[in-house]
Every structure is written in structure tokens, then in C-alpha cells.
1. Sort C591, C456, C549 by Cβ crowding within 10 Å, fewest neighbours at the top.
2. What spacing in nm lies between the two simple spin-label points modelled at A103 and T191, each 7 Å away from Cα in the Cβ direction?
3. If you take the charge dipole of segment 495-618 about its Cα centre, with +1 on Lys and Arg Cβ and -1 on Asp and Glu Cβ, which of G522, I548, T580 is farthest toward its positive end?
4. With respect to the cross-link table entries K362/K586; K332/K602; K249/K316; K207/K247; K165/K247; K305/K362, which display a Cα-Cα separation exceeding 27 Å?
5. Rounded to the nearest 0.05, what FRET efficiency is calculated for E164 and E275 with R0 set to 35 Å and r the Cβ-Cβ distance?
6. Of all trypsin sites (Lys or Arg not before Pro) in segment 94-194, which ones are in loop regions per DSSP and have a Cβ with at most 14 other Cβ atoms within 10 Å?
7. Give me T174, T326 ranked fewest to most by other Cβ atoms within 10 Å of their Cβ, as a rough exposure proxy.
8. At a Förster distance of 41 Å, what's the computed FRET efficiency of S383 paired with T174, Cβ-Cβ distance as r, to 0.05?
Amino acid sequence: MQRNSLAVQNEQLQRGLRELLNRFSRFQGLVGRLQEFSDQEIIRQGNQQQGNLQPTAREKQETSTPDLTEQPESVLDLDFDSLELDQYGALNATLQELLEETAQIEESVGDISLFAEQSDQTLQGQRKMLEQLRDELIWARMLPLSNILDRFPRILRDFSYQYEKPTQLRLEGTGVRVDKSVLEKLYDPLTHLVRNAFDHGIESPEKRREAGKPEEGEIAIRAYYQGNQTVIEIGDDGGGINLERVKEKAINTGLITPDQAENRSSERLYNFLFEPGFSTAKEVSDLSGRGVGLDVVRDQIRELKGAISLRSQPGKGTTFVLSLPTTQSMAKLLIVLVDTTVWALPSDNIEQILVPTSDQVKYTGEQRFLQWNDQALPIYAISDLLDYNCPVPAASPNLQPLGAVERPQERGFPLIILRRGQQQFPLELNRVITEQELVIKSFGSAIAPPQYVSGCTILGDGTIVPVLDAFNLLESVQQTQASAVVNTTTRRSLTSEVPTILVVDDSATQRQTLTFSLQRAGYQVLQAGDGREAISVLQRHPDTNVVICDIEMPNMNGFEFLRYRRQDETLNQVPVVMLTSRSSEKHRKLCQHLGASEYFTKPYLEKEFINTLQEVMNY
């Protein structure tokens, strides 16, 4: 904090010096013009006097031969014109004094500039030394993962002998170092995941022989650095996760409806494993779960400011991926302004910062979309997502100590694009102030902050700024919306008169946005990620009224779906409306030739689109 405060003070000194130099430069210009005006005035007065006192011929003769033997008492008794001798009045004396003072001020300004430059160089050297010292201290606080990973081979050997399921442990990256405060807190979640892999992942020797695998199973723990993150992977070569059992459990616990279970991607279904009380095990054992689910592991990793995800392949195994910040004490934070509140955002997941042009922002009803990298991404305003429990002062904070620059009025609000996996989320805020490497501190037990506030940091001027976890904020909003959608869908399923629409798009964001729009209009909505999945959904729901389909999708694209549909008499009865980002006439004609009823390009007008769907269904 003291280093940042010193940096802020130095920046203020440099800013004040630059302002002083600018003002002094303008002052010198004024003095120069004043001196020029004074010289011109003296010459004008001299010429005027010379014109009024023109000498006669006799006077010229007398003055041309002066008597040098007669010396005047003073030089002032001689009559000189302005070309022979400069004459100074009170204005000239004042101006001369002003010039002398200006010269002295210039010397003082030069001394201050030299001092400020030397101070800045000293501060830069001190900053480098402190950064090097900080890095060495952080490195001294870090310990290799081998301190806890070396305990697992013996544990796994005991399990193999006790449960007659031979399994070897392969360790990679044991020399990767993590913060000392994190290391011991990692032992419990890693132990749980290793037990889980052995119990649920690795099959019995008999099943492995039947599957053509070696009798001895393998669990691998691999650690490596990825940017500012430390990644730990715990994988097994077992049978993988039974996706159908996950769907069945999710439906039985009321997390999703059967229709939603069929339309969800495997990645989103796997996320249910981290829900409290969710387990696909037929019975609780003392080996892995012991009544404790993966939700506890997720909470433990989140306490370390990390994240956990998994990937699984049937018959090949499952891998859990833990991502943790390399150091818990320092982090690069983007300081931003939302309304009148200063927030800090971790920079790790920020892919890009941009100020969108009017051509990049499109509207569908009240929802705004950002046209970016051939995608239409819904824009979220952070000010709309935050839920304050107390009023926020209306006065804007003083951002000058941070070096903030005023945003031009003619430009729009900036967007930061966050990336999680393959998904991008544009977040709108009022201003981007600066990026700093700061210490994140916890609030302690004095207050209970919202889930989306991961701590706070202190700026150089002493301002306390909360650190925003944008992904937790988005998840909380999406979970609220999803629960509202489930309740709405449950109520509508009781009535058979509500039309059903199938949305086919490989983008989960696009499907969800369109689903909300259609449900607001009073329709039941089914979802599919590609043409092949859409055919499966239509076969289970032959009473679907209309299909909204994209063109570019994996497995089976929109053209292939239309061609397959035309060959099936039952499917051919369901009208199809194309909704795609391709606006060329070639794509449009091919869709019409294959039997599409309407063709829309993204972005679209919501009211016009809904009216067209109603006309297609009534036709």
C-alpha cells in the first residue's frame, strides 16, 4: 500500500510539474509580446518627436560643427534622437524588472524539473527493487506440490490391496510450487478426488478385461502453470460418468424437466454433480463419498479463489481440472467505475476491452447484442446485475489520483469481454480507470458480503475497493432466471393448448436468449444443439408446431437437417424457420429450395419475428 501511495504522490508531482511548465511557457509568451509592444512604442514616440523638431539649414550647419571645447555639464544635456540613443521610461524599467524575475523563475523551474526527474528515476529503481524483493518473498512462501502429492502413492497402494483392485498412481509436475497457505488446504479436496477416482472411476479387474483394458488401472495427477494460474488435473482411465444416470438423478431431484434434460449439453449436465446432495452412487461408501459430495470440493476450491471443472468420456475415464491463482497475495486487477462505485475485476479472464461502435450493437426487443467475432453476444450491464441493500451516494468519486481520463461524451460505454471455456460474456460499465497489481484482502467475519464479492483491495490513495467475481454474479443471475423458466415451463406443461417451438442452435447463449424471448410471448420451448439432436427431439415430440433452426452447426448443419426432414413424411409436416447470421442470397435460396418456410438473419426484430412465427403456425 505504501509503495502504491508513493507512486500516486509521484504521479501527482509529475502532473503538477507539467502544468507548471505549461503555464510558465504561456507566461514567457506574454512577456515576449509585452516587450515587443514596449519596443514598438518607444520607436513610435521617437519618430513622432523627430518629425515635430525638424532643424533649419543654419541649425544643421551649427550642429554639424559642434564646438568640442565646450563640454556640457551632463550627458543628459545632449539632444539624441531615438536612432542615436535609447531612452527609457517607467514602463521600460518595470518591463526590465519583469524580465529579470522571469529569468529567475525559469532557473527555479529548471531546478524543480531536474529534481522531479531524479526523484522519478529513484522511484523507478525503488519500484524495481521492491518488485524483485516481493517476487523473492512470494517464492519463499511457495512450496512444491510434492509435499502433499507424495502421500498419495502409499494411500493408493493400501486401497489396491484392501479392495483387490490394482491401481497405479502417475505423478507429473510435482515440482510446481504453490502458496504455503494453499498447499495444506489442497490436501482434503485432492484426497476426495483421488478416492472418488478409485471408487467410482476405476473398474474391477474383470470389467477391465471385458473392456479390453489392462487389469491394473491408472490414476494420474498432473500439475502445470498456465498464465497466472496453477492447474492441477486428476484423471483416471476408468469407465467415465454415466450421463443417463446423471439425467435421471437431475429429473428425480427436480433440478430440470425431462425435456430440458434431453436438450442440455453433456458439459452442463456434468455440472449437476457439484450440486449439494447430488450423487449418482447407488449406495454411500466409506471409500469415496462418505456422504460428502463434490459440492464440498467445489466450495473448498472457491475459498482458494479457484475453479473446478470436469470432462469425461464413456469407457475412457474422467478428469477433474482445478485452476488456482499462482499466488494468493497479489493479483492483477482492473479498476473500473460502475455508476458511482469503484470496483476491481481480476484481469485473468478478461479477453478484450472495447468501446463498441453503433454498428456493433444490435437490438432484439429490449435486449442488446454485441456483434463480435461473427457472434451475437448478449450484453449485460453490471449496474443492472448488482443488487444493493443500501442507497449509493450520488456524488461521483474523485478519480484524479488514479490518473483517470474523462470519457468523451460522444463515445459509448466500454465493454469488457470475459471468457469462460468457449463462452464469452460482454459486461458494460461506465469507465475503465486503470490496471494495477494489488493485494486482495478478505472481509473477515465482520460483514457477510454477497457471493459475487471475493474480497477487497486498497488503492494508493487509501480508497477501499471491493473485488467483483463477475462469473459468480452472472451465475447467480442465470440461476434465478433458470428457476423462473423451470416454474413457467412446469405451469405451461399442464395446458396442451400452448404451442411448442423447437430452437436448434449450437450456441447455448443464443438458445437461452431466444428461449426467454419465446416464453415471454407465451410459447413452450424445446432446445437442440444441432440437427441430429433436433431430429431426436422431434421424434419424441411429434406435436411440435414449428422449428427455428441455425445453419452452421456441428454433426448435422441446417442444410442437412432440411434435407433429412424433407425425406421424412412426419417431420416434413413441421414448418421450419431459419435464423442465421448468413445473409447472402445463395444461402437463402438453398434453404427455400430445401423447404424452409421463412428465412431470418441475426440480429432480428423480435416483434416481427414473433408475428412471422404465428403466421407460419396458422398457415
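Coordinate-derived values only; no laboratory data. Since the structure is predicted, the reported quantities are computational estimates derived from the model, not experimental observations. With ideal geometry, Cβ positions are generated from the backbone for all residues, glycine too; neighbour counts draw on all protein chains shown.
1. Details: C591 23, C456 17, C549 27.
Taking fewest neighbouring Cβ atoms as first place, the list is C456, C591, C549.
2. The modelled label-to-label distance comes out at 8.3 nm.
3. Value computed over the given set: T580.
4. K332/K602; K165/K247; K305/K362
5. So, using R0 = 35 Å, E works out to roughly 0.60.
6. Here the sparse-neighbourhood loop sites are R151.
7. On the way: T174 15, T326 19.
Lowest count first: T174, T326.
8. On the way: r = 46 Å, r/R0 = 1.12.
After rounding, the FRET efficiency stands at 0.35.
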